[in-house]
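Only one structure is covered here, and it is reproduced in the block below.
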Amino acid sequence: MTAFIEASSPHTMNTYGRLPIALSHGQGARVWDVNGKSYLDGLGGIAVNTLGHNHPKLVPALQDQIAKIIHSCNYYHIPNQEKLAAKLVELSGLTNVFFCCTGLEANEAALKLARKFGHDKGIERPEIVVYEKAFHGRSIATLSATGNEKIQKGFGPMVEGFIRVPLNDIEALKKATEGNPNVTAVFFETIQGEGGVNPMRIEYLQQVRKLCDERDWLLMIDEVQCGMGRTGKWFAHQWAGIKPDVMPLAKGLGSGVPIGAVVAGPKAAHIFQPGNHGTTFGGNPLAMRAGVETIRIMEEEGLLENAATVGEHLQAALRRELAGVEGFVEVRGQGLMIGVQLARPCGVLAQRAVDAGLLISVTADSVIRLVPPLILTIAEADELVGILCPLIKQFLAEAV
């Protein structure tokens with residue numbers, strides 16, 4: 001009998017509230033830990049593993065790239081960088097791309113673009129509109145743009161230059177910026193992820209686009225978590241029929257290989273000039289191959305349509321199973337970005353789900369977040385519901 005392997009990391013910084021498992025390998029929408037237990041992956045590495053695990057088309061492509069060249073600095077042209085940029089331009093309707101490694105870096109670059117946009121217009125102290133419950137990263141600037149005092153605590157003073165407004169309230173946005181000549185941009189997630197899977201309404205997105213046009217502001221839409229086909233369109237804002245001026249991407253773009261991007265339209269694409277911004281690892285040949293192949297496979301296998309179809313099925317099944325359960329609030333989201341809101345904090349469900357063979361996360365204290373690989377099948381969605389809903393019901397039946 002094989003000895004049980006305990007999951008521990010005594011020499012790494014204690015920055016994560018880790019669950020007591022260590023994953024060994026995966027196949028499709030399923031993973032196994034080092035002790036051989038299998039789990040249905042409802043988290044996808046937090047919306048990263050677009051193609052699931054060990055995809056038969058992605059793995060050989062990455063192996064081929066690793067055998068050729070992994071890294072080249074940006075002193076030189078990188079052919080797949082241009083190939084991926086051209087594809088993102090085609091899918092977004094925008095014009096140019098800057099590549100980096102993470103969503104944080106993409107958002108940081110967006111904030112720099114907004115500030116330089118203001119300085120180029122003669123604004124000495126540019127200000128950017130951001131949102132309550134937003135999450136844009138954990139660097140000092142992106143943390144300042146984030147709307148969560150709990151994760152900001154201990155890292156002050158925050159960077160100045162942000163105006164915070166509530167979601168989906170155009171009058172609040174107008175009031176907060178009225179008569180302010182320093183505003184240069186509005187920055188938000190189409191669907192907030194860490195904030196609790198909170199979608200922006202279509203009409204609100206259209207209203208903000210119109211306001212930015214009227215006032216010569218940049219519309220900057222953070223699609224790091226909700227982009228790359230997760231909602232059934234390439235980018236979640238496309239459901240509103242609008243285009244941003246600046247669009248940070250990351251997470252699912254590389255199917256697990258670290259990659260970030262800032263896609264910009266004509267108003268913002270040429271703000272950065274040589275020396276204004278840069279990165280050592282961003283846009284390297286391995287990451288670019290991952291991005292090119294991820295999009296190719298998504299198109300070949302119809303994963304946008306799958307995300308929409310399976311996501312709709314999954315949301316409907318969750319609503320049906322939880323209808324009338326005291327303490328269940330609602331299911332919200334779009335495609336395969338789903339939040340199940342409960343009436344009280346439910347962090348314990350992450351461990352209970354692991355015990356039952358399912359990976360999920362709990363965000364904003366009381367929202368179960370589901371962002372599985374976009375290859376998830378109807379049968380796997382039903383399996384997910386069959387595991388998760390009894391856990392939710394049992395939890396809500398317990399005395400507070």
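Worth pointing out:
- Residue among TYR131, TYR75, TYR39 with the largest mean-square fluctuation in a Gaussian network model of the chain, springs linking Cα atoms under 10 Å: TYR75
- Unit charges at the beta carbon, dipole of segment 46-116: most positive-side option, PRO60, ALA109, HIS71: ALA109
- In this label model, ALA399 and LYS68 are separated by 6.5 nm, measuring between points 7 Å along each Cα→Cβ vector.
- Rg/Rh for segment 55-94, where both radii come from Cα atoms and Rh is the Kirkwood radius: 1.07
- Dipole in debye (nearest 20) - segment 13-133, about Cα centre, beta carbon charges: Lys, Arg +1; Asp, Glu -1: 120
- Computed on the Cα atoms alone, the convex hull of segment 309-365 gives a volume of 87 cubic angstrom per residue.
- Sorted largest first, extent of segment 286-400 alpha carbons per principal axis (Å): 51, 28, 22
- Highest mobility in the GNM of the chain, judged by mean-square fluctuation with C-alpha springs under 10 Å and restricted to ASN35, ASN148, ASN168, is found for ASN35.
- Ordering GLY44, GLY179, ALA134 by Cα displacement along the dipole of the chain toward the positive end leaves GLY179 in first place; charges were set at the Cβ atoms of Lys, Arg (+1) and Asp, Glu (-1).
- Per residue, the convex hull volume that the Cα atoms of segment 129-210 enclose (Å³): 89
- Entry for the chain at q = 0.13 Å⁻¹: log10 I(q)/I(0) = -1.15, Debye formula applied to identical alpha-carbon scatterers, no solvent contribution.
- Charged-residue dipole, Cβ positions (Lys, Arg, Asp, Glu), the chain about Cα centre, Debye nearest 20: 440
- The chain: angle of helix 202-215 to the longest principal axis, Cα-based, in degrees nearest 10: 20
- The distance between label points at LYS175 and HIS77 comes to 5.4 nm (points 7 Å beyond Cα on the Cα→Cβ vector).
- Net dipole in debye of segment 141-201 [+1 Lys, Arg Cβ; -1 Asp, Glu Cβ; about Cα centre; nearest 20]: 60
- The C-alpha atoms of the chain define a longest principal axis, and helix 303-322 lies at about 60 degrees to it.
- Farthest towards the positive end of the charge dipole of the chain, among the residues ALA268, VAL292, VAL165, is the Cα of ALA268, using unit charges on the Cβ of Lys, Arg, Asp and Glu.
- Translational diffusion of segment 184-267 was estimated from the Stokes-Einstein equation, with Rh taken as the Kirkwood radius over Cα pairs; at 4 °C and 1.567 mPa s the coefficient is 100 µm²/s.
- Separation between Cα centres of segment 352-400 and segment 180-247, rounded to whole Å: 28
- Calculated mean residue ellipticity at 222 nm for the chain: -11000 deg cm²/dmol, from DSSP H runs with n ≥ 4 weighted as -39500 (n - 2.57), summed, divided by the residue count and rounded to 500.
- Solvent-accessible area assigned to carbon and sulfur over segment 43-157 amounts to 57 percent, based on a 1.4 Å probe.
- Partner lysines whose Cα lies under 25 Å from the Cα of LYS87, excluding those fewer than 8 positions away in the same chain, are identified as LYS57, LYS68, LYS112, LYS233, LYS243, LYS251, LYS267.
- Computed over the Cα atoms of segment 21-168, the ratio of the radius of gyration to the Kirkwood radius (Rg/Rh) comes to 1.05.
- Label-reachable residues, segment 223-248, where backbone N falls under 14 Å from a point 7 Å from GLN206's Cα toward its Cβ: 238-243
- Estimated FRET transfer efficiency (ARG320, ASN35; beta-carbon r; R0 22 Å; 0.05): 0.05
The values are calculated or read from the model by the stated rules, or taken from the named source; none is laboratory data. The structure displayed is predicted, hence computed values, not measured ones. Backbone-built Cβ (ideal geometry, glycine too); neighbour counts: all protein chains shown. Side chains are part of the model used for accessible areas, which takes the heavy atoms of the whole protein and leaves out ligands, DNA and RNA. Shrake-Rupley method; radii C 1.70, N 1.55, O 1.52, S 1.80 Å.
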